[in-house]
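**Student:** Below is one structure. I have some questions about it.
The values are calculated or read from the model by the stated rules, or taken from the named source; none is laboratory data. Owing to the predicted nature of the structure, the values given are computational and were not obtained by experimental measurement. Neighbour counts run over all protein chains shown; Cβ positions are idealised from the backbone, glycine included. Side chains are part of the model used for accessible areas, which takes the heavy atoms of the whole protein and leaves out ligands, DNA and RNA. Shrake-Rupley method; radii C 1.70, N 1.55, O 1.52, S 1.80 Å.
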Amino acid sequence: CAGGVVACVGALAGSRAGTTLPVVLVAVSFCLLGAGWGGMHDARVRASPMAALAGRSVIVAGTLGSNAEQGMFGWTAAMRARSVRLMPSSSPDVASPGSIWLQGRGRRPHIPAGEQIVARGKVRRLEGSFGAYLRRRGYAAALAVDDLEDAGPPRYLVVCLANSVRGSLRRSLARLFPPKDAGLLMGLALGDTSTLD
């Protein structure tokens, strides 16, 4: 980041000279700023309290960030965690856990995005190319879910209204179109690909 700032200052100073040097310095400064910002983001995600809990069993409370997607070996979803408690449940909560990638076995839960949830399972470290992709998107760790429960409607009225409109549209599409067409339209209009094969 510091190199990017220095290059920007150099570009501004060189612009009075009327050469092509300022253009090159601006391009270099943006590259350096981007690399610095990316490095800071990665360091922040890796330093998250959730990343340090790899291998531990936890109870996580928060909001379901996306509809669960069915895969070949189970389901996945995003979660915005509010609190994490180590098991046994008498231990204190971990503050500011951040975003978590949920991985479950069996059929996906039919809980809409935005709902309050409580997930129990074991924290896993993000590994491989998919783990690097998740870290770039802000996920600190994955949770192998043993149990997931719906803890009620969203805390915010706007999210409740959005979920209501989304549910009404989903029901209308299912009533008006064949299943395959309705699934495609839901994917395009709502980003809900849960009914697509």
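**Student:** What helices (runs of 4 or more DSSP H) completely inside the range 97-197 contain at least 3 residues that are of a type in the set (S, T, N, Q) and at pLDDT below 85?
**Tutor:** Qualifying helices (runs of 4 or more DSSP H): 157-176.
**Student:** Could you please give the count of residues in the range 116-154 that are acidic (Asp, Glu) and either touching a Ser or Thr at 6+ places or on another chain (Cβ under 7 Å) or more than 21 Å from Arg85 (Cα to Cα) (or both)?
**Tutor:** The total comes to 1.
**Student:** Contact list please: Cβ distance under 8 Å, first residue in the range 135-153 and on the phi > 0 side of the Ramachandran plot, second residue open to solvent by 30 Å² or more (accessible area, probe 1.4 Å) and assigned to a strand (DSSP E or B), pairs at least six apart or on different chains.
**Tutor:** Gly138/Gly98; Gly138/Ser99
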